[in-house]
Structures are given as structure tokens and as C-alpha cells.
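Take a look at the structure set out below.
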Amino acid sequence: MAASRARKFTVVAQDPGVRRRGRVVTGTVSLPYEELDPGPVGHRVHVVDYDATRRVLLAPAEIVDGGPLPSAQQILTDPGFHAQNVYAVVMATLLRFESALGRRVSWGFPAHQLKVVPHAFEMANAFYSADDEALLFGWFRRAGKPVFTCLSHDIVVHETTHALVDGLRKGFMRPSSADQAAFHEGFADVVALLSVLAMDEITTALVTTTAKVRGGMVDRSAVTAEALRRGLLFGLAEQMDPGLSAARIDALRRSVELTPAPRILALAEFAEPHRRGEVLVAAVMNAFLDVWQHRLAPLGAGDGRGGIDLRRVAEEGAVVAQQLLTAAIRGIDYTPPIHLTFGEFLSAVLTADTEVRADDTRYGLRDALVRWFAAYGITPAGEGPGGLWPRSELALVRDGIRFGSLRSDTTEMFRLLWSNRTALGLQQPAYTRVTSVRPCLRVGPEDGLPVQETVAECLQYLDITAAELGRFGLVAPAGMPDDQRVVLQGGSTLVLDEYGTLKYQIRNTVPGDGDPASAAEAQERLQYLWDHGYLREGASFVNRLSDLHRLRALAGPVDPAQEW
Amino acid sequence: MAAPSSLRVRAYNVGFGDCILLSFGYPDGSARHALVDFGSTKLPAKGASLTQVAEHIRTETDGHLAMVAATHRHADHISGFAGEPGKIVARLAPRLVVQPWTEDPDLAPDATAPASAPARPGSLAAAVARLDTMHAYAASAVAEYQRRLAAGDRTDLLAAVGFLGEVNLKNAAAVRTLQQMGEQRLYARFGDVLPLDDALPGVRIDVLGPPTLDQAAGLVAEARTDPDEYWHVATSTLAPSRAKGLFPRATVAAERTQEARWLAPRVDRLRTEELLSIVRTIDDALNNTSLILLVTIGATSVLLAGDAQLENWSYALRDAPDAAAIRARLAGCRLYKVGHHGSLNATPKTMLWQNFGTAARPEADKLITVLSTLAGKHGSPARGTEVPRRPLVDALRAESTLLDTRSATKARFWVDTTIEV
């Protein structure tokens, strides 16, 4: 067959529980053409249909282009469709990241192909395992019928997002603060929900179920911000198959219902990672609804009946979801490499979006984000105008630096850092390493002009004892013995323009530079690590996402201060 | 009858388990006895059998028990009430048998009528039914363990599934014995004071746990979603393999590709890890149904904690309306039976341990601690979850007079202490 430029795949739009006129709502995913081996196996994804419960390996699925839309029965009973569905959704998520970031994106492990197991075991769980380079999707029976997590669009996107963020920021999986512990889950939820809403098939189906449609028009009252909030997001939660993942439905419901409160993150309840992650979801999803509503406001005026074209409602929703999703993903490049807070994430998103989309009047996306994050007590960490990161004013010494290598070579980048170590505020006694250098080419959607950047991550470590903390301006938490080993970590993200000039240095330095603000932050993190037992011998961060997901469903109260 | 003038607390060395005999000495020279728990999931290499322990208790008590308390239904706390040792104990005819409210047979699901209407969600009966579902899951996990063992899987991971699975089996025989034993049976909850006027005159026993669901929503498992739904689904995933596979018409691969050869054993391991994690959750949930008993004679008090973990402790020590008064009473405790064989989260560090004020106590009032445990059966040092947890044992040794069942001998298979009151 002659290679075409794109290949279209039919996928389940949300999960088999969301239906329209009895049919499972499906969508179409268009991927750049690649010659697939049976499995499917492509250059980034390798589907292995192995079931550990029965220890059965199914023959690799053959991919069939075109053909009629699958029936609900086929969707549930054809493992080949499942393999194709999971392949297409994972690839679409990867492409969304690559498109937003303007470069190829690696997984969180050295291999090129992510192994995807659509029927890994008969268990109500799905997770990403970096050690095994795999996404694993469980299945289970409910009322005697099998339920497949690999058919749930948002679960597949959620897990893929974990694998991608792990590739972009290894440091986010380390223990640091309540915000960082909550970020992975919250961000994966944001990407998953916006990915689903970016398919206008799903928004059409949901608006149709919650509003009267006459002649393709819906009443304006059905698309007010509150109606969309209640009807669409709550409707999405209601229609999801409750057996598929009650926890995520519950999380979505709770996020939608989370009453804005500026002090919410200070409440003990929101110190728990899953609950805290829901605040992030609530802020982003409310901003999404505001912008959508803003886009719908001028429509339908003057028709005398107050009706709005349903198709336009859905399309606007999908476009806003895509814009917001792109900004959120782009923001990752502008986060510090470690010790992320929600306020830093907000500044990262605002800065990243401004770089490629200077004029925001059409959507008012950034205003909505600032407003809704503020409603939940999250203010931008950036001290630049509008909460952006301030532009660097450093003129780096570049003697002997080969600019061509600087865009991709960690050693060349380290040389640049080393030559400017004092100006960049790198702590001299600390172990320093450039962990990534990534060239990016982003295209502004408004003016079509390219923005070329290089993003580098630099990490620093100090391995000391509690008795030495004073040298770095820190005080040992109460009860910490002098010989307690403490590893202080910090780092910088450097964003360089197309000439190698430093645009941004986004950093959380290791303490010791004399800056009272960074010392106070480091002291707070030290207390958090001590209080939560992460400095205890043998202790480990819950970095198995399988645990994280199950705990999200079943977690009882945990208080590390009460443990030995 | 006057109040007791002494209390002997004896912990029999039953390996990984609990068997605590309280002997109250009265001024007239008579004695009355209460047995708190009797079970083991792994006996010590050199020690007595449970039948020998039961016979010893019979001798020590002169054939009479005033009270039996079974803190919760884990095998390491009640397996001794089944079989021959159970018959011996039953013949000691305790006047009062105390168990947590979760054991009340009136709340139990009707096993003979599976089609009957399910218990109202959120009710006590629903919580008890959930425990049954958890047992069913544990039984399936044990069956899976046995199948894999027979197929040659000797990994530590699978062994851990087997051990925890077996601990969480229903122990039907022991449960039955406890339901039939004694003149009076009481299913207790936080706030109860046991009726001991006849059985143990001069002794007061306050029940500090478990709270009911109304008292503490997080008792059985503070689920973020409907826990019954979760366990219902979870149990269905471990049903015996069916004749038809998941996709009966699908083609099975003729041979494993390179990727599959690398990946399949890893997916097998991940599945076992998942199994272990779920069984751990069950173990925690059942531990949190434990009775916490505060025994008081005059100004002397002794705290016996079963395997209660944070959810259970939190109500009495933090959330109850009289939590401050309870903490004040516990601060003066003379003896503490260490919870859950010395695990990392069954002796709340600040709420309980630091509240004992061990450092400020005069030598004559030094806290006595009793630890009934066996190392190497539960948890892992690499993960900081070993039982007994080393930092806790260090603290017990440094700050209290520690009686550890591991120091018992084959001939003297117990440790004990007598407190004059």
C-alpha cells in the first residue's frame, strides 16, 4: 500500500459507558503515517497483549485501515480493537506533547519504545512502570461482564502523561513538598480531561444529553458557565462507567464541586497528595469553562430565540481545551527541574504561553488561569509582569563555547554553566550535573512565526549530615540527630534563545547562597521531608504509580509523624 | 469483694502472635484471670505448641477464666481458639467474652441467603459484610499463592502474599468457638466500660477502640470512593480461572517475541506486587478493628492495644470529645502491650508514645512494655517496614523496661511481670 501522510484510527471517545443513541461514542485520531508491524508496533509504542492472570500471550493484532465503525459489541470483544485503541491514544498523547513542546519527547527511560499491555492482569488498576518501560492496563468483571481500562480514553492519556512527564522532569518523582507530591497526579488528570474535551464528538454528546437540541440549536441557558460546569463535567462523571474507575470519577466530581477558597491549600485535608492534586484540576478546569463561556458569549445574539449552534458550541469547547492543553504541556519546559510548587507551575504556563502567543485577547486564557488559581490561593511565583518569570539580564561568558553543540550536548552546556557558575549562582561545594539539553522549535498560532529555544536542566546535590546544616543557613528539625544524613537538592532550568542568549533561569537552588527567601524555602522542604519520614533509613517515596492509584481509591489517613 | 492487690501480665511466646494472660491477685489470696488473644501464624522454632500453651493456661488459672477478649479476628490473635487448644480454653468457661463490634453475629451477612437484600451502604452491617468480602479476597490470594508455589514460584514476593493472605483468612472455626464461648458475650466499641462487677471485682476496663463508623468514618478503610464497590470488583478478579478465556476466539501467539520474553516475567511480578499491596490493605483494615483496652485497678492502669493502627487510635487520642482526658489517663499508664507486634505505625509516636512521658518518670514508675513478636515474618528492612521495627524496639529498650517474648525459652515459654497495686 502506498504510504499516505496520515493514518486515521477510530478510538473510544471516553469509555464504553458514554453512549449516544445506544452507540459507544467514538472519535477519530489522525496520526502521521508510519509502517506498523502487527501488535501494533511502531517506532515509539510496542503493544504486547500479555495477560499475567492467565499467562497468555495473544498473537499481535493486525491493523486494518478504514472499514465501518465498530459496533459496541465489537468494541468490547475484539482484542485487536483494544490494541489499536490503546496504541492510537498513546501516540496521540505523545504527539500532543511533541507538538506543544516543539521537539521529540523521550519516555522516562532509555528505550525508544514504550511497551503497552492492554490486558495486563485481571485487576482494577492501570499504571505506568518506569522500571518496566511499560503502561499496564488491568481489566475486571462487573456484573459478570468484562470492563477494560484500556478502553477508557482518559485513563490511557493519564498513564501516558505519567510516562511523558517522567521523561521531561525526573525530579518531579522525588520527595520534596506537598505540591510536588500532588503534581504528577493532578497534571495527569488535567491532561486526560482536556484531551477528552478536545474531541468535539464528546462535547457534542454531553451537551446533547444535558440540553434540549432543536434543529441543531441549543438554548443559551444550557451553555452558561454554571450550566457547562454542572452539565458537562458533572455529566461526564455521571456517564463514565463507574466500574471502570470509581476513584477518578469521584476525583472529577470533587474537583468540579471544590468551592474556591484562598486558604484551601493550608487545610490539613489538602496536604494529602490526591486531594491537593484536585485543587490543581479544579483551578484549570474552571479556567477552561470560563474561557469557553467567553468564546460563546458573542454567539447567537440577535437571533431572537437565544439559540446557539450546537456544533459551534462543541467546536469552541474543543479548541479551548486544545489551547489550554498546549499551554499546560508547554509550561513543563519552564518549570524548575526539582521542587515544583503550584505557583511555579502557574508562572511556567503563563511564560510559556506568552512566548508563542503574545496576544491573548481572543481567548483570555492567561487571565482566566491567574484568576482561578488565585481563587484557590495560588499566586504566580514569577516576579515578572503578569506573574511571568522575569527575563534574565545575565550576559553569559561564552568564550570557547561551540554554539552548535550547545543545543544538544550536555557537556557543552556544562562548560557554559561552569564558565558562568558564579553569575548563575551555582553552589560551589555541590555536585553539579546537566541532565538534559533539548532544542525546541515552537510555532506561534497567531502569527505563524517560529520560536526557537534550547532548554537545559541542571541539578545540584549536597550530601551532608544534620550537624552541617548550619553552614548552609538551615536549622535541623526538632528531634533530628546530628548524624542524620541529609541530601539537599536544587537546580536550574535554563532557557536559551536561538542565539544562545539566556532568556530565563528558573531555579530552586541548593541552600547556602545567603538568600533568605531560598533558605526559608529549603528549611520548609527539610521540615516536610523530616515530618513525612523521607529521611528515615529505608524509607522511600511512593514512586510506584500503581500504589498511588490504588491509594487514591482506598487510602486511609497517614501521618508519618506517628510512625517509627 | 475488695479490689485486686496485684496484677501479673504474662505474654506467652507464640512466635508471631499474641497470647496475654492477666492474673489479678486479691488480698484474700485468691486470683482471677483474663485471657487477651490466643493465636499465632508462626510458632517460634524452640517453644511450646498452642495446645501446650492452652494446657499451661488451664493449670495457671485453675480451670477458670473470668474473661476472654479477642481483640480482632486475625489468625495471629485468634487461631488458638480453634481446634484442640480452643476446646481447652472453652472448657475454662469464661464468664465474659469480649470482641469488637465488628464481630457481632447480628451484623453478619446471612450466609444462607446470598440473594437477600444487601446491607444499607454505610451501615455497620455493610462494614461487617465488607470484612467478609476482604476474607474472600484473602482466600483467593492464598489459592493463587498455592497454585504458583506448585508451579515452582519461590520468590519472596509470592511468599509474602501467602503469609499475609493466610493471616487474613476468616478463621471460621475460631470465630465459631468465640461466638459460642462464655456466659455472656459482648461486642464492644469506643466508650464502653466492660461489666466486670461479678467477673473481676475492683477492676475497670475502658474500651478505647474500635470506634463505630459514626464515631470515625475512617475505621475499616477510609475509602475515597465506595469501598464496597472496590472490594466487590477486587474479589471478582481472583475468582478461579474460567473454562473460557477472556477472548475465546482470539489467536494465542505461537511463540513469544523478544519484547514479550523480556516483558512477560515483569508483568507477572507486577501482578504479584499488586496482589501483595491489596492483601496489605486488607491486613490494615482488619487490624483497625482491634479492641484497645485500658485496664485500671485503683490508680494503676495497663494498656492493651491489639493491632490497632492510626485510624483506630486517632479517635480515642485525637478526635473523641474526651480525647484530652484519655491522653491524660494514658500518660500515667504503668504497662503498655506494644501494638501489632512492634510494627512502624501501631504505636503512634507523638500521640501515644511521647504521651507516656517515659523520660520524666521516676525509676519506680518506669514504663513496662510487653512485646510479643517474631522477626522476619512481616515487612522488609529495606522498605523500613520490618516487624518489629528497629527504631521502635530501640526506643522500647532505652526508655522502658521491655519484656520481649523472643527472650523466652523452651522450658519457660513466656515472659511476665507482676505489678503491685
Checked pairs for the range A:499-519, first modelled with pLDDT under 90, second part of a loop (DSSP other than H, G, I, E, B) and of a type in the set (Gly, Ala, Ser), C-beta under 7 Å and 6 or more apart or across chains, list as A:Thr509/A:Gly425; A:Val510/A:Ala430; A:Pro511/A:Gly473; A:Gly512/A:Gly473; A:Asp513/A:Gly425; A:Ala519/A:Gly473
Looking at B:Leu178, B:Leu164, B:Leu200, can you tell me which residue is closer than 24 Å to B:Glu103 by Cα, hydrophobic (A, V, I, L, M, F, W, C), part of a helix (DSSP H, G or I) and modelled with pLDDT of 90 or more? B:Leu178
Pairs with Cβ under 6 Å, 6+ apart, first in the range A:331-347 and farther than 21 Å from A:Glu453 by Cα, second modelled with pLDDT of 95 or more and among the hydroxyl-bearing types (Ser, Thr, Tyr): A:Gly343/A:Thr379
Can you name the number of the only condition in (1) touching a strand residue (DSSP E or B) at 6+ places or on another chain (Cβ under 6 Å); (2) within 22 Å of A:Leu76 (Cα to Cα) that A:Tyr33 fails? (2)
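Condition test on B:Asn345, is it polar (S, T, N, Q), over 26 Å from B:Gly47 (Cα atoms) and part of a loop (DSSP other than H, G, I, E, B)? Let's see the steps before the verdict.
Working: polar (S, T, N, Q): yes; over 26 Å from B:Gly47 (Cα atoms): yes; part of a loop (DSSP other than H, G, I, E, B): yes.
The answer is yes for B:Asn345.
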For strands (runs of 3 or more DSSP E) lying entirely in the range A:109-156, having 1 or more residues that are charged (D, E, K, R) picks out A:114-122, A:134-142, A:145-148
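Residues are listed down the side, and each one gets a yes or a no for (1) under 26 Å from B:Val14 (Cβ atoms); (2) among the hydrophobic types (A, V, I, L, M, F, W, C); (3) exposed (fewer than 15 other Cβ atoms within 10 Å of the Cβ); (4) in contact (Cβ under 8 Å) with a residue 24 or more places away in the chain:
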position: B:Ala346; (1), (2), (3), (4): yes, yes, no, yes
position: B:Met351; (1), (2), (3), (4): no, yes, no, yes
position: B:Ala382; (1), (2), (3), (4): no, yes, yes, no
position: B:Val393; (1), (2), (3), (4): yes, yes, no, yes
position: B:Ser407; (1), (2), (3), (4): yes, no, yes, no
position: B:Glu420; (1), (2), (3), (4): no, no, yes, yes
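Would you mention how many residues in the range B:28-53 are assigned to a loop (DSSP other than H, G, I, E, B), within 24 Å of B:Ile205 (Cβ to Cβ) and in contact (Cβ under 8 Å) with a residue 24 or more places away in the chain?
In the first step, residues of the range B:28-53 are kept if they are assigned to a loop (DSSP other than H, G, I, E, B); the result is B:28-30, B:43-49.
Those still in the list that are within 24 Å of B:Ile205 (Cβ to Cβ) too: B:28-30.
Subset that is in contact (Cβ under 8 Å) with a residue 24 or more places away in the chain: B:28.
Residues that pass the stated criteria total 1.
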Close pairs (8 angstrom Cβ cut-off, 6 or more residues apart or separate chains): more than 12 Å from A:Thr26 (Cα to Cα) in the range A:200-213, polar (S, T, N, Q) and at pLDDT below 75 anywhere: A:Leu206/A:Gln239; A:Thr209/A:Gln239
Could you pull out the residue among A:Glu355, A:Glu344, A:Glu412, A:Glu316 that is within 21 Å of A:Leu280 (Cα to Cα) and charged (D, E, K, R)? A:Glu344
For the range A:437-462, name all the residues that are free of Cβ contacts under 8 Å to residues at least 40 places away in the same chain and within 19 Å of A:Ser492 (Cβ to Cβ). A:Val437
Which residues, taken from the range B:17-31, are among the charged types (D, E, K, R) and surrounded by 24 or more Cβ atoms within 10 Å (Cβ to Cβ)? B:Asp18
Flagged in the range A:117-152 as within 14 Å of A:Ala52 (Cβ to Cβ), at the interface with another protein chain (Cβ under 9 Å from one of its Cβ atoms) and not aromatic (Phe, Trp, Tyr), in numbering order, are A:Val117, A:His119, A:Ala120, A:Glu122, A:Met123, A:Asn125, A:Ser129, A:Asp132, A:Ala134, A:Leu136, A:Gly138
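Assigned to a helix (DSSP H, G or I), in contact with a helix residue (DSSP H, G or I) (Cβ under 8 Å, 6 or more places away or on another chain), at pLDDT 75 or above and not hydroxyl-bearing (Ser, Thr, Tyr): is that true of B:Leu131 in this structure?
Details: assigned to a helix (DSSP H, G or I): yes; in contact with a helix residue (DSSP H, G or I) (Cβ under 8 Å, 6 or more places away or on another chain): yes; at pLDDT 75 or above: yes; not hydroxyl-bearing (Ser, Thr, Tyr): yes.
Considered against the rule, which asks whether it is assigned to a helix (DSSP H, G or I), in contact with a helix residue (DSSP H, G or I) (Cβ under 8 Å, 6 or more places away or on another chain), at pLDDT 75 or above and not hydroxyl-bearing (Ser, Thr, Tyr), B:Leu131 comes out as yes.
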Considering only residues of the range B:183-195 that are at pLDDT below 95 and in contact with a Lys or Arg (Cβ under 8 Å, 6 or more places away or on another chain), which is farthest from B:Trp313 (Cα to Cα)? B:Glu183
Against the definition (in contact (Cβ under 8 Å) with a residue 60 or more places away in the chain and either assigned to a strand (DSSP E or B) or more than 14 Å from chain A (Cβ to nearest Cβ) (or both)), how does B:Val279 come out, yes or no? no
Can B:Val14 be described as assigned to a loop (DSSP other than H, G, I, E, B) and crowded, with 20+ Cβ neighbours inside 10 Å? yes
Find the residue count for the range B:283-327, including only residues that are over 30 Å from B:Leu169 (Cβ atoms) and charged (D, E, K, R). 4
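For the range A:444-497, which residues satisfy the criterion of being small (Gly, Ala, Ser) and out of contact with any strand residue (DSSP E or B) (no Cβ under 9 Å at 6 or more places or on another chain)?
Those that are small (Gly, Ala, Ser) and out of contact with any strand residue (DSSP E or B) (no Cβ under 9 Å at 6 or more places or on another chain): A:Gly448, A:Ala467, A:Gly470, A:Gly473, A:Ala478, A:Gly479.
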Select from the range A:2-44 the residues that are free of Cβ contacts under 8 Å to residues at least 24 places away in the same chain and over 26 Å from A:Ala318 (Cβ atoms) and write down the one among them that is farthest from the chain's Cα centre (by Cα). A:Ala2
Looking for something modelled with pLDDT of 90 or more, part of a strand (DSSP E or B), within 14 Å of chain B (Cβ to nearest Cβ) and over 15 Å from A:Phe148 (Cβ atoms) - is there at least one such residue anywhere in the range A:52-68? yes
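What residue, among those in the range A:264-316 that are among the charged types (D, E, K, R) and outside any helix (DSSP H, G or I), is modelled with the lowest pLDDT?
Looking at residues that are among the charged types (D, E, K, R) and outside any helix (DSSP H, G or I), I get A:Asp303.
Filter the range B:255-276 for residues that are among the aliphatic types (A, V, I, L, M) and at the interface with chain A (Cβ under 7 Å from one of its Cβ atoms); which is farthest from A:Met123 (Cα to Cα)?
Residues of the range B:255-276 among the aliphatic types (A, V, I, L, M): B:260, B:263-264, B:267, B:270, B:275-276.
Retained after the next criterion (residues that are at the interface with chain A (Cβ under 7 Å from one of its Cβ atoms)): B:260, B:263-264, B:267, B:270.
Values: B:Ala260: 20, B:Leu263: 18, B:Ala264: 16, B:Val267: 12, B:Leu270: 11 Å.
In this case the residue turns out to be B:Ala260.
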Residue check: is B:Gly306 surrounded by fewer than 17 Cβ atoms within 10 Å (Cβ to Cβ) and more than 14 Å from chain A (Cβ to nearest Cβ)? no
Can you list the helices (runs of 4 or more DSSP H) found entirely within the range A:318-406 that contain at least 3 residues being closer than 30 Å to A:Pro175 by Cα and in contact with a Phe, Trp or Tyr (Cβ under 9 Å, 6 or more places away or on another chain)? A:342-356
State all residues of the range B:329-350 that are more than 14 Å from B:Leu303 (Cα to Cα) and aliphatic (A, V, I, L, M); if no residue qualifies, say none. B:Leu344
Restricting to the range A:157-184, name every residue that is farther than 19 Å from A:Ala134 by Cβ and in a helix (DSSP H, G or I). A:Gly171, A:Phe172, A:Ala178, A:Asp179, A:Gln180, A:Ala181, A:Ala182, A:Phe183
Could you tell me which residue of the range A:106-128 is farthest from B:Glu273 (Cα to Cα), considering only residues that are of a type in the set (S, T, N, Q) and surrounded by fewer than 24 Cβ atoms within 10 Å (Cβ to Cβ)? A:Ser106
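The values are calculated or read from the model by the stated rules, or taken from the named source; none is laboratory data. The model shown is predicted, which means the values in this text are computed figures rather than measured ones. So basically every Cβ, Gly included, is an ideal-geometry build from the backbone, and we count neighbours across all protein chains shown.
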